[in-house]
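The values are calculated or read from the model by the stated rules, or taken from the named source; none is laboratory data. Not measured: the values here are computed from a predicted model. Every residue, glycine as well, gets a Cβ built from its backbone with ideal geometry; the counts of neighbours run over all protein chains shown.
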Amino acid sequence: MRFMKLQRVFDRMIVKNTTIQNKTKQNKLNSQHIIPSHCISNRKVNDFLKSIIDYKESKESILFSIGCELVRGNINPYLKQFLSEYSFPIVKIENIPCDEFDLLGSTYQYLNSKRENLERGSFYTNYKIAKDFVNDLDFSKNQLILDPACGSGSFLFNSNASSNQIFGVDNDPIAIMIAKFNYFIKFPNGNYPNIFCDDFFNWYLKNKHLLFDYLIGNPPYGANLNLKNINSSHVISGESFSYFIEFGFTLLKDVGIMRYLLPESILNVKKHYDIRKFILNNTNLNKIKKYQTKFAGVMSDLYMLEITNDKNNNDLIFIDNKSTIIPKTIFKSLKNSVITYYNQKDVAIIQKVTDIQGHNLSNSIFALGVVTGNNKEKLFDTPTDNSEPIYSGKEVTKYKLLPPEKHIVFDRNNLQQV
């Protein structure tokens, strides 16, 4: 009885300690603000961000005030219309680094707590990656580009698209405000932007008749989605980026290109077999590129997946420092369709193995090895009269037999077991 009382006390202590640990972890996430160093090119921005973290005003007012300063002097009536949609009080902020690309996006990421960014699955893309995604895209024939999770618009505004070729969607109203500021910074005389504050899947239902030449984006990872508007035929994992791939692909023109920035888990985690199966069976996975740059607050390696409609292409280009052309049949043949980088030698070995017709051992003859009873006396280092080579266990290696080092005179009556 006494033991049971003590056990209950210990159980309560464990529960209480776990609760305290969880609260401590949550408090840390709520209070921790990470400078998005992967997005910042000017070191002065770090000092600027640290200087505004103690402002008492709301993040909306701070961001709106910075944005107004960045577009000061622009008399475009569409900009005036955009600004009139907000009533945030203006905050006096000094030493704004006006020459920093996407200053507003970096500021927003920093003002958010680590927990807020994690819950949204939101980590903005740095300038170099965004530029690499879009610098080879052709916009000379009025091609249209859509970012279905545009955030501050890094991909859109690094492209060579004109103002009327750009479309963006995001469910975060602050991000949309920032994207519109960035739009007017790049296009001072532009029309009102085609940038929409909406849940992408809700927007999709209203606009699935639209088709785009390019779908480019960094969709949220592990975000909490409202699934009532998502009637998926392929995704069962519930992973947010998988839905963005499936539904985004349907908005692609026949000769269009989709490029998404995605975590490494999409390539090899069992949970994401559903979207790998969709990609390998229903699209043309044209290219995979690994980026060495890490995102602040993100541990995973990041990859570009390029997808098109050309289902006649049987190979993909995998870039991981070096480029390798890999037949997609290799990935389809692997358990859970795991996708990984193979060099040319790897590809040759895998193809040689898979090209061999399947067989079994049902009609084979099995035999035990030779047990000499005395290896020192009956195995020789050099050949003798009537001897023959014999393999020992150490010569049996993966995929091949090494040259035998011993020799034996085979006499069944002189051996312990044959």
Self-check item: Of all residues in the range 265-306 being of a type in the set (Asp, Glu) and at pLDDT 95 or above, the one that is surrounded by the fewest Cβ atoms within 10 Å (Cβ to Cβ)
Solution: 306
Quiz item: Among the helices (runs of 4 or more DSSP H) contained in the range 154-211, which hold 1 or more residues that are in contact with a Lys or Arg (Cβ under 6 Å, 6 or more places away or on another chain)?
Solution: 154-158
Exercise. Being among the β-branched types (Val, Ile, Thr) and in contact with a Leu (Cβ under 7 Å, 6 or more places away or on another chain) narrows it down to one of 354, 372, so name that one.
Key: 372
Quiz item: Has the range 366-376 got at least one residue that is in contact with a strand residue (DSSP E or B) (Cβ under 6 Å, 6 or more places away or on another chain) and not in a loop (DSSP other than H, G, I, E, B)?
Solution: yes
Exercise. Go through the residues of the range 83-100 one by one and say whether even a single one is of a type in the set (A, V, I, L, M, F, W, C) and in contact with a Pro (Cβ under 8 Å, 6 or more places away or on another chain).
Key: no
Quiz item: In the list 67, 73, which residue meets the criterion of being in contact (Cβ under 8 Å) with a residue 40 or more places away in the chain, small (Gly, Ala, Ser) and closer than 22 Å to residue 184 by Cβ?
Solution: 67
Quiz item: Taking residue 351 and the conditions (1) in a loop (DSSP other than H, G, I, E, B); (2) at negative phi, which numbered condition does it fall short on, given that it satisfies the others?
Solution: (1)
Quiz item: Can you tell me which residues in the range 212-236 are at pLDDT below 95 and either charged (D, E, K, R) or not in a loop (DSSP other than H, G, I, E, B) (or both)?
Solution: 227, 228, 229
Quiz item: Taking the range 122-143 only, how many residues are surrounded by fewer than 20 Cβ atoms within 10 Å (Cβ to Cβ) and within 24 Å of the chain's Cα centre (by Cα)?
Solution: 7
Quiz prompt | Criterion violated by residue 265 - all others in (1) under 14 Å from the mean Cα position of the chain (by Cα); (2) among the small types (Gly, Ala, Ser); (3) not assigned by TED's automatic domain parsing to the domain that holds residue 128 satisfied | solution = (3)
Quiz item: Are any of the residues in the range 82-104 within 25 Å of the chain's Cα centre (by Cα), within 19 Å of residue 45 (Cα to Cα) and among the aliphatic types (A, V, I, L, M)?
Solution: yes
Quiz item: If you go through the range 254-264, how many residues are under 15 Å from residue 306 (Cβ atoms) and surrounded by fewer than 17 Cβ atoms within 10 Å (Cβ to Cβ)?
Solution: 1
Self-check item: Search result, residues across the range 199-217 that are within 23 Å of the chain's Cα centre (by Cα) and within 18 Å of residue 183 (Cβ to Cβ)
Solution: 212, 214, 216, 217
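Yes/no matrix, rows are residues, columns are (1) closer than 22 Å to residue 235 by Cα; (2) in contact with an Asp or Glu (Cβ under 8 Å, 6 or more places away or on another chain):
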position: 284; (1), (2): yes, yes
position: 288; (1), (2): yes, yes
position: 303; (1), (2): yes, yes
position: 314; (1), (2): no, no
position: 320; (1), (2): no, no
position: 332; (1), (2): yes, no
